[in-house]
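The values are calculated or read from the model by the stated rules, or taken from the named source; none is laboratory data. Not measured: the values here are computed from a predicted model. Backbone-built Cβ (ideal geometry, glycine too); neighbour counts: all protein chains shown. Remember, those area values only see protein heavy atoms, side chains included, never the ligands or the DNA or RNA. Shrake-Rupley method; radii C 1.70, N 1.55, O 1.52, S 1.80 Å.
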Amino acid sequence: MLNDLRFAFRMIASHRWFSLAVIVTLALGIGINTTVFTLVNAVLFKPVPIPGGERLVVIQQHNPSDPRRESGVSYPEFREYRAQNHTLAGLEAMSGGDAIISEPGNPPERYRLGHISSGLFGMIRTSPILGRDFTAADDQPGAPPVALIGYGVWQSRYAGAKDILGRTVRLNGVPTTIVGVMPEGCKFPNNEEAWVPLAPTAEREDRTQRGLRLFGLLKPGTDLTAARTDFALISARLTQAFPDTNKDLAALVQTFHEAFNGGPIRLVFLLMLGAVGFVLLIACANVANMMLSRAIARRREIAVRAAMGATRWQLVRQLLTESVLLSILGGLLGLGLAAFGVHAFDLATQDVGKPYWVLFTMDWRAFSYFAALSVLSGIVFGLVPALRASRVDLNTAMKDGTPGGGNPGGRLTGALVVLQCALTVVLLAGAGLMIRSFFAAQKLNEFVHPQSIFTARIQLPEQKGERYAEPLARRQFFDRLLPALRALPGVTEVAAAANLPGLGSGQRPLEIEGRPNPDPKQPPRAAMIVQTPNYLATIGVPILRGRGFAETDGDPGKEAVVVSRAFAARHWPDADAVGRRFRFIEDAKPGPWLTVIGVCGDLVQNADEKNAPPLVHLPYRQEPWGWMGLLLRTASDPAALAAPVRRTVQQIDQDLPLYEARTLTTALEKQHWFLNVFGTLFTVFALTGLLMASVGIYAVVAQTTARRTREIGIRMALGATAGGIARLVLARGLTQLLIGLVLGLSGALAVTRVLDHGFLIAISAHDPLVFVSITVLLIAIGVAACWLPARRAARIAPTEALRTE
């Protein structure tokens, strides 16, 4: 083996340009694969960074007959699961929420809040760096309100003050004592920044109130299957004991990653892993063709070795040693590319709300994957050429360089070219669809002009007993706020809406007056936005018929609605919609009849939802929500409005924070960030594959043409024209290209259906423009790659061609 290794190094050094081409090709394939596996590992496989994180499980409930209908756990069920299970070392509960922290002299701010049972941080062995953890006494009804805050809150809001312990703040309007500060980086479980005890209340004791998520640690040596069996038995007992509340409910035990990174997130990362697998296959096919050509050129050398007594195994071992060594060298270069790629992806996703425990760094899994990939790639692309080259016919091989030498390897090289083309088409299709979707998203609602609109969010506390619990209080707040904002310098239009333009909507079932629903279980639906009267004018949506909202629309007896053109066309295609009525159906109860007072232009709110229902607009006085977005149009820089808008809000209510303050352009970019980031990644993968496939086509056609030089000379001597020779050479390459194109398009049409599940906006997964563009691009590049060797062959002088051997 040492002799084989020394000889492999000598061969690499003596054929340095060939070796460099192989190493760079493999570096691209292995580097891209290592990058993506590192990302996938961080999101889907790497344990949460807590002691025993690999044993962490999440317990919820679901309907076994419809697994998509998941629910949380009630407080009584939590107590019973904790008391009866035999497979967990600990079981704790949490419910999420928001915390508005305010105090005199310090502006209010909104943070992510966790209501947790007192043993949660003890179970995950994470202690405060200042103060104390919660105790069982903090969980008791009537206990003094206390809170833990995160390290980031301590530093940003309190500048790391040492006297923070014992300080009383208003947390959601309740005087609360800060008793501890959690370590830097601790935001368990999902970016929480403050925590309060989960004390039992009358509402939580209701078995139908299932707002809890449970976290447990498997006992050492216990697997997930045992825990699922254990909890299934407990949930079955609960169903027998409480049939009214627990019918059709079963425990759902998942790993932490299954619970938090399922659905589209898991799918897109696995799609990336599949895409880069295609890139590696293209690289291996390219290198295999290069190694096969090299092995053909070395037939005489291999024949001499065989004649001197080398066994076939020794020949295969020598050739595989060279290929694996080349692969390892390519892998080392690819490792540097992977480090750069991981860092670039980390920077691109800093502000997209990723969980705190997703750390894009390489660990032993990523390094093991990289090492295995480097070795296996060398075996994959080297094995077939080595087997082919070691099958020596001494009589034929010794005549290498003569007309009898033949043209071995032609079918195999052709098959590899077809494989490269097919895989490249699939990659180009995925990348093309995501990029086209990104640009299509930019063209939605072009009349809005987001660059001149400032937006921000307000959450009015509307729970029972809160100051905005009554609808009248919420209306009065906005009646004071909007005129004050309109008076700010540079502001031309002001409005408030539950959903910002292009950023989603609510949905409700409905009934058209005089047209009862034939199937009450499948009623028509409408997307809806609650808004103040000036909203449509602020964002530039025209009123096509009728009128917009007046200040009194929505008062009792004046229930009104403005419908979109699409809604009117669907429900009253042959009549004027103005004056017509419909009503919403909620929990099988019909609401008041709403009179259509106007028809407006279409506004796309749910671009990522296929077959989204048409949109209607409701007046704020009719449904005064507490969750609202502000929109201010200005002729100056909209970002400069953040500070004056915040001051204006707090002059009306000093405990109300302003959050998500940004331009509408920024809000839309954040909504569609995944198209930009993942579209760019898939484009890099596709272009890398296209480059390697193009080089592969060119190399194979050039090598095949070079081996046929004598044949070309004979043909020309017998009267063949330059055009005929060019067509002869082009025919082989273009045939392989077209076969690969057909196979690739068939595969792409099947694979890209996956992108229809929430990844594409405003286009279909079978968008004809993308597929036609891919076809034209690949044919153009393939023709160019085949034409160059054909043109060179057509210019060969017959006498020179006949002397070549």
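Simple spin-label estimate for Ile543 and Glu203 gives 3.9 nm between the two label positions (7 Å along the Cα-to-Cβ direction from each Cα).
Compared with the direct C-alpha span, the chain from Ile714 to Ala731 gains 4.2 nm at full extension, assuming 0.36 nm per residue. Compared with the direct C-alpha span, the chain from Trp313 to Asn3 gains 110.1 nm at full extension, assuming 0.36 nm per residue.
Under the simplified labelling scheme, the Ser71-Asn611 pair shows an inter-label distance of 2.7 nm, with each label point 7 Å from Cα along Cα→Cβ. Under 5 Å between amide hydrogens, built in the peptide plane, is the criterion, and for Val530 it picks out Ala498, Asn499, Leu618 among residues at least 5 positions away or on other chains. What you get for the chain, charging only the Cβ of Lys and Arg (+1) and of Asp and Glu (-1), is a dipole of about 3480 debye around the Cα centre. Across the accessible surface of the chain, with the other protein chains kept in place and a 1.4 Å probe, carbon and sulfur atoms take up 59 percent. Database remark: amide H of Cys600 closer than 5 angstrom to the amide H of Leu544, Val563, Ser564, Arg565 (H placed geometrically; neighbours at sequence offset of 5 or more, or on other chains; Pro and chain starts carry no H). Taken one residue at a time, the phi angles of segment 467-484 give Karplus couplings (6.51, -1.76, 1.60, θ = phi - 60°) of 5, 10, 5, 8, x, 4, 5, 5, 4, 5, 4, 6, 5, 8, 6, 4, x, 5 Hz. Gly and Pro are set to x. Under a 5 Å amide H cut-off, with hydrogens placed 1.01 Å from N, Glu559 pairs with Gly554 among residues at least 5 apart or on other chains. Relative contact order for the chain using alpha-carbon pairs under 8 Å, separation at least 6, rounded to a whole percent? Relative contact order of the chain: 16 percent.
Specify whether the C-alpha gyration tensor of segment 30-129 places it in the rounded, prolate or oblate class, a ≥ b ≥ c being the square roots of the eigenvalues: rounded for a/c under 1.5, otherwise prolate if a/b is larger than b/c and oblate if not. Judged from the Cα gyration tensor, segment 30-129 comes out oblate (a/c at least 1.5, b/c at or above a/b). Beyond 30 Å between alpha-carbons counts as too far, so tell me which of Lys464/Lys558; Lys187/Lys670; Lys162/Lys670; Lys187/Lys247; Lys247/Lys589 fall in that bin. The answer is Lys162/Lys670; Lys187/Lys247. Per-residue packing, averaged as other Cβ atoms within 10 Å, sorts the ranges 80-86, 10-16 into the order 80-86, 10-16, beginning with the highest. Phi angles across segment 177-189 convert, under the Karplus curve 6.51 cos²θ - 1.76 cosθ + 1.60 with θ = phi - 60°, into 3J(HN,Hα) values of 9, 7, 10, x, 10, 7, x, 4, x, 8, 9, 5, x Hz, Gly and Pro given as x. When a/c reaches 1.5 or more, the comparison of a/b and b/c decides; with that in mind, is segment 596-688 rounded, prolate or oblate per its Cα gyration tensor? Because a/c hits 1.5 or more and a/b fails to exceed b/c, segment 596-688 counts as oblate. For segment 1-104, a simple Cβ point-charge model (Lys and Arg +1, Asp and Glu -1, everything else neutral) yields a dipole of about 740 debye relative to the Cα centre.
Per residue, how many Å² of accessible area does the chain show with a 1.4 Å probe?
45
Where does helix 768-794 land angle-wise versus the long Cα axis of the chain, in degrees 0 to 90, nearest 10? Approximately 20 degrees, to the nearest 10. Can you work out the PRE-style zone for Ala226? Point 7 Å along Cα to Cβ, and I want the residues of segment 63-107 with backbone N under 12 Å. Residues 86-89 fall inside that zone.
Sequence-ordered 3J(HN,Hα) estimates for segment 646-660 from the Karplus curve with 6.51, -1.76 and 1.60 and θ = phi - 60° stand at 4, 5, 5, 4, 6, 5, 8, 8, 6, 9, 9, x, 9, 9, 6 Hz, glycine and proline given as x.
Taking the Cβ-Cβ separation of Arg581 and Leu270 as r and a Förster radius of 41 Å, what is the calculated FRET efficiency to the nearest 0.05? Computed FRET efficiency for Arg581 and Leu270: 0.25. Once the Cα-Cα distance is subtracted from the 0.36 nm per residue extended length, the Lys670 to Arg132 segment shows a gain of 189.9 nm.
Between the beta carbons of Ser636 and Glu184, assuming R0 = 60 Å, the FRET efficiency works out to 0.95 to the nearest 0.05.
Computed per residue of the chain from DSSP H runs no shorter than four, each worth -39500 (n - 2.57), the mean residue ellipticity at 222 nm is -16000 deg cm²/dmol. The calculated FRET efficiency for Ser14 paired with Gln350, based on their beta-carbon distance and R0 = 41 Å, is about 0.30. The angle separating the long axis of helix 2-14 from the principal Cα axis of greatest extent in the chain is about 90 degrees. Projecting the Cα atoms of Gly719, Leu741, Val57 onto the charge dipole of the chain (Cβ charges, centred on the Cα centre) puts Gly719 farthest toward the positive pole. Once a ≥ b ≥ c are taken as the square roots of the eigenvalues of the Cα gyration tensor of segment 171-290, is the result rounded (a/c under 1.5), prolate (a/b larger than b/c) or oblate (a/b not larger than b/c)? Oblate is the answer for segment 171-290, as a/c is 1.5 or above yet b/c matches or exceeds a/b. Dividing the Cα radius of gyration of segment 336-386 by 2.2 N^0.38 Å, with N the residue count, gives 1.59. Legend: Rg and Dmax of the chain, from Cα coordinates, 33.8, 105 Å. Note on segment 525-656: the C-alpha convex hull projects to 10.5 nm² when averaged across all orientations. Histogrammed with a bin width of 10 Å, the alpha carbon distances of segment 520-601 distribute as 16, 51, 29, 4 percent, first bin at zero.
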